[in-house]
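Worksheet: the structure to be examined is printed underneath.
Nothing in this text is a laboratory measurement; each read-out follows from the coordinates by a stated rule. What you are looking at is a predicted structure, and each value in this text was computed from that prediction instead of being measured. With ideal geometry, Cβ positions are generated from the backbone for all residues, glycine too; neighbour counts draw on all protein chains shown.
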Amino acid sequence: MTIGGGLTELSAIELAATVGRGDASPRVAVDASHARAAEAGAWRDGLNILLYEDRRDAHAQADDVAARRDAGRVGSLAGVPVVVKDNIATTTLPTSCGSRILEGYVSPFDATAVRRLRDAGAIIVAKSNMDEFAMGSSTENSAYGPAKNPVAPNRVPGGSSGGSAASVAAGIVRIALGSETGGSVRQPAAFCGVVGVKPTYGRVSRYGLVAFASSLDQIGVFGRTVDDAALGLQTIAGLDPLDSTSADRPVPEYRHAAGGSLTGVVIGRPREYFPDDLDPRIRQRCDAALDELRSLGAEVRDVSLPHTDLAIQVYYVIAPAEASSNLARFDGVRYGLRMEGDGLRGMYEATRSSGFGREVTRRILLGTYVLSAGYYDAYYRKAQQVRVLIARDFERVFNSGVHLLFTPTTPTPAFELGAKSDPYDMYLSDIFTCTANLAGVPAMSLPIGRVDGLPVGGQLIAAHFDERQMFAVAYALERRLGAGAHR
Amino acid sequence: MSTTAASPSVPDYEMVVGLEVHVQLDTATKIFCRCSTDFGAPPNRNTCPVCLALPGALPVLNEHAVDLAIRAALALGCRVQPTSTFARKNYFYPDLPKGYQISQFDQPLAIGGRLRAGSRSDGSPIDIRITRVHMEEDAGKSIHDRFQGATAVDLNRAGVPLIEIVSEPDLRGADDADAYLRALKQILEYTAVSDVSMEKGSLRVDANISVRRPGEMALGTKTEVKNMNSFSGVTRALAVEFARQCAVLERGGRIEQQTMLWDANTGEVRPARSKEGSHDYRYFPDPDLPPLVVSPDRIERITRELPELPAARRERYRAEYPGLTAYDVEVLTASTGLGDYFEQIARQTEEAKTAANWMMGDVLATLKATNQTIEHFSVRPADLATLLNLVRDSVVSHTAAKQIFGVMSRTGDPPLQVAEREHLLKVTDDSALVAWIDEVFAEHAAEAKRFLDGERRLQGVLVGHVMKKSKGSADPKRVNQLLSTRIGT
């Protein structure tokens, strides 16, 4: 074990306390994290879950945290190392979105979420691998090569935030930032056996998150435990004047003392998320988790969200449509890759053809198509109408006395690298997760057991801005299931 | 076929025109970020992550720009929509950093206005319906002639707030267009929504034009004429395009729907490069910006703050100052500054017609000659009013007043001070007048004798001599009295 290696075993709150007391220096915490990354083979020749680090900068950040501590200002994440997904802007490490078109791009500003982490004393130790522009569910669509699942390196870590999920699973950090558009935090959390939270749309500022589909995008948090994730979200949540879609709502306390009883809590079990062809082993783990919730005093009720089966189709109209517009700025004019071509149009074509990968190109073309004159009404407008129906499904259930929903996070555990060559097969990985993005409600995945040694995630979905209730149940369930659910 | 403005009238056709006017709102900062809107800064100085469209940057709406846009909409008689939405207009161009322009599409800020722009030569009113007023951001500027073989991009203007004012096709000729634009410009000046400077590009006009036989209801195929950068450019371009369309139809041809560019140097319109008009902009609501909700309170507040508009001010002048001619009213209400200046003098002198005459004459002439604006005119209105009152009270003569005004406009000094310094006060002191009369009698002895012998018609001549001797400062009334007493003795 390396010097300070024990520090990576501390929870985020414990580490911050240790640093705050002066029992550990932030530098040592950062070194322990980097050492763990090396040990786990996190870099390109290994799991390929991390893309960029800068030790000198990490030390500078650590020294700054130490100075603030010495001045009596101890943040809630003092000295806690954090990994950030490569599509969230950081001034000290590149922000390349897993894409060739932004290779080497360094943002002149920090994302609001990153700035809030730094203000709380967290240290950004690395940027993590991801599906290019967050388009994918396996972190295989990265211009910098596929990432591998630390639990089973022949399998994918999920995606698109696979690198962040895997960093937490590999013990490199306790907290990592990811981003969600259709399940990109929860699905890799499930595949890697960690906790992944997608907050309510508007709960966390999107400023500095490189946009994929603006009406669906939300920065999310990974934690080794529910508490790590709750602490992470607590730090980054809240109104941001730089993001007009961020919500002006108070941020309640997410971290709870060990309560335990869930008496009076009604958990809905939506039948659409337990289809007949669901992997029986996944079903079994979910039913076991629901039994635990019952034994904690919760009432479990069968409910229905009838428009669920339209979600993937709706998602794959809206998300590409917005992406086709959001990615127009990568044109070779101001920053990033530029390839010379014949005239202006030639430059655009050469730059974008060579800068974007296949999946990104596919979605830009799809999105351009559905927004075109003559197709807009049939696709985009129709999809928005169905999106409203999907959101109403949730509203209706949450207005009927149900506090939370419980579902499997994914239909299967982590699949093998290269197993899903048909894009549509890949899209179906998000079948249980993209509904929450379409409806804007908060949701999270937490480990509920294993199948053949592979982690299985259970999903909690709450009403808008009810993350607190979601965390309360997650804490209770996690405690009940014990460490066995994690490792 | 004629393509010059010299032969605009083809009697068998009627011109049908709708205008799209882009107006830069007079804000200190851009519409979606806090960058300065200063004109003339070094290239790309006024930029930030938002208006450079750096990855991860997001727009935040400038509420002051919204206030100005609402003010303009209300002044044009539009209904401000309780909810409007921002949409993305998608197209690739180097001076469009995001690859889309944030504009408003199917839910504009305001709809259904009207603008009265005076009347035509036949007396019919030029009454133009306004279709809509919407908000949008400006693009940057591509500079093609600065670097050999390369295009430079200046993004200082990218994100500058604009409103687009779209009229119905209610204009029937180039003169209508000119009257409409002048009336529009006047309203935008009155409401201080924009500095309406065409040189700075803060007012830009595109025209949709078609022709039809008089009496026909259906509209002909229209072309869009762009690149007109002055009002006279608009009228000339419309006349030329009208003539072109008429000629095409006369030849039995068909008008092609296309975008035409006006070339002010050659006085020609020519089709824009291919497919300008066939863009598919793939509009959709911008997910980065929530719907723009305008509360009734906000509309009420902005309505309350609206200044008096040109039409109302003209109406009031006609009622309050019946002595003014229609032309006086037109000129005095041309801008708020001119009207305010006039009103202060009229109030202080209680002689509106005299005040108007001074305004229309010496004031405007001096402004023009010295290239000053009324707002910064060296002669303060209170001082000019004082000068007029000095004339009324016979302290200075009318002739002297003109001289005094000339000095005031150079020095900014108050009138009485100027009159004293320049010895232009009327002299009413009898001893001085008597001395001048004696001198005149001595110098013009023959005339004086005839006058004293009873030839009373010579009195005027003698008064003239005294006035001349006094350089205009003698009070002629008193000189007459003094001369009369001499006959009596």
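Across peptide A:244-250, the mean count of Cβ atoms from other chains lying within 10 Å of each residue's own Cβ comes to 2.
In loop segments of region A:1-99 as defined by DSSP, there are no GluC sites (Glu not before Pro) with at most 15 further C-beta atoms inside 10 Å of their C-beta. Per residue of peptide B:283-294, the mean number of Cβ atoms on other chains within 10 Å of the residue Cβ is 4. Averaged over peptide A:200-208, the number of partner chain Cβ atoms lying within 10 Å of each residue's Cβ comes to 2.
Shape analysis of region B:106-162 places it in the oblate category; the axes a ≥ b ≥ c from the Cα gyration tensor give an a/c of at least 1.5, with a/b not above b/c.
Region B:416-446 and region A:71-85 have their alpha-carbon centroids 93 Å apart. Taking 25 °C and 0.890 mPa s as conditions, chain B diffuses translationally at an estimated 91 µm²/s according to Stokes-Einstein applied to its Kirkwood radius (Cα pairs).
Annotation for region A:115-156 versus region A:269-314: alpha-carbon center distance of 29 Å.
If you count, for each residue, the other Cβ atoms within 10 Å and average over each peptide, how do A:472-478, B:476-482 line up from highest to lowest?
Per-residue Cβ counts within 10 Å, averaged per peptide and sorted highest first, yield A:472-478, B:476-482.
Extents of region B:309-447, taken as max minus min of Cα coordinates on every principal axis and listed largest first, are 63, 31, 23 Å. Over the Cα atoms of chain A, the radius of gyration divided by the Kirkwood radius equals 0.95; this is the Rg/Rh ratio. Each 20 Å bin from zero holds the following percent of Cα-Cα pairs in the protein assembly as shown: 12, 33, 25, 17, 8, 4, 1, 0.
Label separation (B:Ser394 vs B:Asn229): 6.0 nm, computed from points 7 Å beyond Cα along the C-beta direction. Given axes a ≥ b ≥ c from the Cα gyration tensor, I'd like to know whether region A:379-473 is rounded (a/c under 1.5), prolate (a/b larger than b/c) or oblate. Oblate is the answer for region A:379-473, as a/c is 1.5 or above yet b/c matches or exceeds a/b. When each of the peptides B:114-121, A:75-82 is scored by the mean number of other C-beta atoms lying within 10 Å of its residues, the order from highest to lowest reads A:75-82, B:114-121. At q = 0.11, 0.24 Å⁻¹ the log10 of I(q)/I(0) for region B:238-321 amounts to -0.79, -1.23, computed by Debye summation with a single uniform scatterer per C-alpha, solvent ignored. Ordering A:130-141, A:375-386 by mean Cβ neighbour count within 10 Å, with the highest value first, yields A:130-141, A:375-386. For A:Lys420, a cut-off of 22 angstrom between C-alpha atoms picks up these lysines, skipping any fewer than 8 places away in its own chain: A:Lys148. Beyond 23 Å, the tail of the calculated P(r) for region B:14-298 holds 57 percent of the Cα pairs.
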